[in-house]
Ligand SMILES: Nc1ncnc2c1ncn2[C@@H]1O[C@H](COP(=O)(O)OP(=O)(O)OP(=O)(O)O)[C@@H](O)[C@H]1O
Ligand SMILES: [Mg+2]
């Protein structure tokens, strides 16, 4: 269980302060698929970065099974990120001079896991092991980044606009891969998106507006990547 309590965060200095998170409280259950929706600039990415330990809040707490990650030393926070969470962004951030296999293996090595071939198969890239990122389509590159994030078997996967750079067909395919992997491995998933339709795949939908959570809905009948509109 992840518990976020009274989290605030501002950017800028004290003369020119931009409050971005204005008191966020939420609970995320193990194995949940949470989608965070909200207008551009409402603080979605900042929220994601704070709950995942990429950034520190100004106040409030973020606990994983009772352990407050905002209180960890830098080195403890680094191990937490390495062992517990995985990230997928709109940009794939693959290493251009490494093959598909090496990019994914790097993710696995980070956390001392070695069985990364399974995950490459699961995202349908076993035929592309020796290719370089520049030789792949956008959807294939995003599947490499999914495999890299999941090769280390995180408990929680954070995704910020994972389909933002993909066309509809490729976007659906990438979501279908992610969703199948979540069903199999049962990690918790928190995804930021602009696409309201994707929220229909989630169990929980958090609406943000101007640095606050304005609504939380649960969805009893999530749809598949091929059932939702786009
Ligand atoms: N590192 C930063 N330094 C200064 N301001 C920032 C920084 N990151 C975000 N902001 C500002 O904080 C506000 C919220 O940004 P954030 O990226 O969280 O929004 P978002 O909801 O993810 O938007 P989008 O949908 O466009 O990605 C914006 O006004 C943004 O300009
Ligand atoms: Mg964003």
Exercise. Only residues in the range 18-34 that are under 17 Å from residue 180 (Cα atoms) count as the first member; pair them with residues that are within 16 Å of ligand 2 (Cβ to nearest atom), Cβ under 9 angstrom, at least 6 apart or cross-chain, and list the lot.
Key: 32/190; 33/190; 33/191; 34/190; 34/191; 34/206
Quiz prompt | Which numbered condition residue 53 misses (of (1) more than 27 Å from residue 196 (Cβ to Cβ); (2) within 16 Å of ligand 2 (Cβ to nearest atom)) | solution = (2)
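Mind checking which residues of the range 147-164 are away from ligand 2 (no atom under 16 Å from the Cβ) and in a loop (DSSP other than H, G, I, E, B)? Spell out how you get there, then give the answer.
So in the range 147-164, the residues away from ligand 2 (no atom under 16 Å from the Cβ) come out as 147-157.
The answer is 152, 153, 154, 155.
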Exercise. Search the range 186-204 for residues being in a loop (DSSP other than H, G, I, E, B) and more than 16 Å from ligand 2 (Cβ to nearest atom), and hand back the single one that is surrounded by the most Cβ atoms within 10 Å (Cβ to Cβ).
Key: 202
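Picking from 23, 12, 41, which residue would you name as being near ligand 1 (Cβ under 10 Å from one of its atoms), part of a strand (DSSP E or B) and at positive phi? Show your work before the answer.
Numbers: 23 fails: near ligand 1 (Cβ under 10 Å from one of its atoms); 41 fails: part of a strand (DSSP E or B).
Only one candidate passes the filter, namely 12.
FYI, it's all coordinate maths here, none of it is from the lab. Quick caveat: nothing in here was measured; it's all calculated off a predicted structure. Don't worry about glycine lacking a Cβ; one is built from the backbone with ideal geometry, like all the others, and counts go over all protein chains shown.
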